[in-house]
Each structure stands twice: as structure tokens, then as C-alpha cells.
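Since every read-out is calculated from the coordinates, none of them should be taken as a lab result. Predicted model only: the values in this text are computed from it and were never measured. FYI the Cβ positions are ideal-geometry reconstructions off the backbone, even for glycines, and counts take in every protein chain you see.
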Amino acid sequence: MKQNRREFISTLAAGSSVIPLLSDINYMHHDPLVNNYPIRLFSKPLDNYDFKFICECTSASGIGGIDLTVRPGGKVEPADVEIMLPRLADVARSHNLEVDMIVTSITGASGPYTENILKTASASGVRYYRLGWFEYDTKTGVWETLQMYRTIFADLARINKKYNIHGGYQNHAGNYIGAPVWDLHELLRDIQPEYLGSQYDVRHAMVEGTDTWVIGMRLLSRQIKTLAIKDFTWRNENGRPQPVTVPLGEGMVDWDLYFKTLKDLSIKAPLTLHIEYPLLDNGEEKLPLPRQKEIITGKLKKDVDFIKEHLRKYQL
């Protein structure tokens, strides 16, 4: 039976009223030590699969929810957000999973899909979204580029407040705003962190500052509202060092210092697990789906167990 628009909106509104209860139930089924650091799976590496398959892998690995891609080429295309995001959120909840985080390409309050994405996300129970990235314009100048983005950040904070949702800017290695993290603090320091802040990524912070990343983390601590988590090592490619993402604990990130610093700074935030190493080895993508799910779940669970072990170790 087809729903008309009014019936659809009424159903969506009724569903949103039970989201807090469902969240409480979800947390009860997971380790109580991760209540302050709920673990979510960044959906990107599984986006080519059916969403039910993604949910089954996520749930079986002990992860409590999905950090869903809502961007061009993602699991939800921005043009389809009003239909697809509520639908996928319902599917996730049927697997006892949250969709309270999404990843977007939003870089301005007046973008063509910004308002629709934020309005729909908020109504669907999403509390956090990740912005797109901003690059430095070397012709304009470093400081001048930052001043140009001040207005953009302020406008984003205002629209986020309108929809009661938090926007997180991920520090990413390279020619990006936020790569040194000091610049991100400069842009965020006068903005209410409840509406616009940092999605702190220790992997990218350490790539840019092997020994100084923890200073930047301390500087940003008030603005850190979500945490992207992954590990890396260096590889020599054509005479140049390149960072390569590896499973947690197999790389160079000082995880003891990281979790100790989270505790010292009283940073409590959801963790989005980024899998940027192969989940299937050569040829395994041709295996039957149940076997693929088994392999993928095993690798995800290994990273999840690593996180939970450190949360327990530091009594977080």
C-alpha cells in the first residue's frame, strides 16, 4: 500500500519519538564501558553491498551503529536523502543498530542539498555529521584563506543550531584546512562546539605531527565531539614515504597515549571506526556472500575488541 506525503511524514514523526528509547536498548546490549564512546562503523568500505548485509556485518562484529555515507557516490545520494535516509535508518534499527552519524560533502550552509540533508538527518535521529574538506589557496595566502573560511564556519554553525545537529570537521593530512589542527582551532575557537567542532582523527594528526599530535589534541579538546579512529604505518613508494592504513595496533599510533589523553582531557565522544585496509584479500570477493560476511566480520571484530580493550584498560 502506498503512503501519501502526509502519512509518510506522520510515520516518520512517530518513529522519531522512539529513537531515544531504542538507543537506550541498544546500549544495554553492548559493553557498558563503551557508553561514553559508542562505536560506529564508517560505511564507506561496505557501500557496494546491500544495506542488510552491511547491517549484519556491523551487528555481528559488536559495533552499535553505522556512520553512513550521505554524499555523491555514497550509500545515500544527496538528491535522494529525504526518501533513502529514513528508510535505511529504519532497516538499521531493525538490526538493533543506530544511524546517529553520517558523512557528507557539505561545505557551506547554502549548498544545494545542505538544508535537505540536515533537516532529514535530524528528523531521522542523526546527531552528528561530518563536513566535506576545505583546501588552502596558496595564491590567496594561508592566513587569508583562514579568514575566508571564518564566515563559512559561522554560517554552518547557525544552520546546525537550527536543526539541532552537530557538524564535525575531520583533520585530514595534506593541503587541507585542519591538517596541522592549529588552524582548525583558530576557526572553531569562537563557535559553540555543540553545533560545529572537530572530528579528531589521530591517524591523520600523527602523519602530520609524529611527536606533536598530542599537543594539537590538547588544544582542540573543547571542540572534539566525535573521534575517527584508525592506524597507519609508513611505506616507501618510489623513494617517498607514504602513509598506509593498517588494522588497529599494527601501526605507529601510540594508543596508550591516545586513550590516556582522552581520559586526562575528559573527552567523551562517539568513535567512528574507519577501515581503510582491505577487508577481503585477492580473490575473496568472489566467495559466496556468507563466507565474505564471515571474513569481514572477523576483521571488524578484531578492531572493535582492540578499542574495547583500551577503553577498559583506561576505565573510560
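Residue by residue, here is whether (1) more than 18 Å from the chain's Cα centre (by Cα); (2) part of a helix (DSSP H, G or I) holds:
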position: 272; (1), (2): no, no
position: 292; (1), (2): yes, yes
position: 309; (1), (2): yes, yes
position: 315; (1), (2): yes, no
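Taking the numbered list (1) within 17 Å of residue 46 (Cα to Cα); (2) basic (Lys, Arg); (3) assigned to a strand (DSSP E or B) in turn, residue 235 passes all entries but (1). Report, by residue number, each residue of region 252-270 that is crowded, with 17+ Cβ neighbours inside 10 Å and either part of a helix (DSSP H, G or I) or among the polar types (S, T, N, Q) (or both). The answer is 255, 258, 259, 261, 262. Filtering region 274-290 to residues that are charged (D, E, K, R), in contact with a helix residue (DSSP H, G or I) (Cβ under 8 Å, 6 or more places away or on another chain) and not in a helix (DSSP H, G or I) leaves only 276.
Residue-by-condition table, conditions (1) over 18 Å from residue 224 (Cβ atoms); (2) of a type in the set (A, V, I, L, M); (3) in contact with a Lys or Arg (Cβ under 6 Å, 6 or more places away or on another chain):
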| site | (1), (2), (3) |
| --- | --- |
| 104 | yes, no, yes |
| 108 | yes, no, no |
| 112 | yes, no, no |
| 128 | no, no, no |
| 137 | yes, no, no |
| 153 | no, no, no |
| 165 | no, yes, no |
| 169 | no, no, no |
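Residue 222 falls short on exactly one of the conditions (1) assigned to a strand (DSSP E or B); (2) of a type in the set (Lys, Arg); (3) within 22 Å of residue 152 (Cβ to Cβ), and that condition is (1).
For region 184-209, a residue qualifies if it is in contact (Cβ under 8 Å) with a residue 40 or more places away in the chain and surrounded by fewer than 20 Cβ atoms within 10 Å (Cβ to Cβ), and exactly one does: 186.
Of the listed requirements (1) closer than 23 Å to residue 260 by Cα; (2) under 21 Å from the mean Cα position of the chain (by Cα); (3) among the polar types (S, T, N, Q), residue 164 misses just one: (1).
Is there a residue being surrounded by 14 or more Cβ atoms within 10 Å (Cβ to Cβ) and within 25 Å of residue 49 (Cα to Cα) anywhere in region 279-288? Scanning region 279-288 turns up at least one residue that is surrounded by 14 or more Cβ atoms within 10 Å (Cβ to Cβ) and within 25 Å of residue 49 (Cα to Cα). Of all residues in region 241-275, those being polar (S, T, N, Q) and in contact (Cβ under 8 Å) with a residue 60 or more places away in the chain number 1.
When 231, 183 are checked against the criterion of being of a type in the set (D, E, K, R) and under 22 Å from residue 304 (Cα atoms), 231 stands alone in meeting it.
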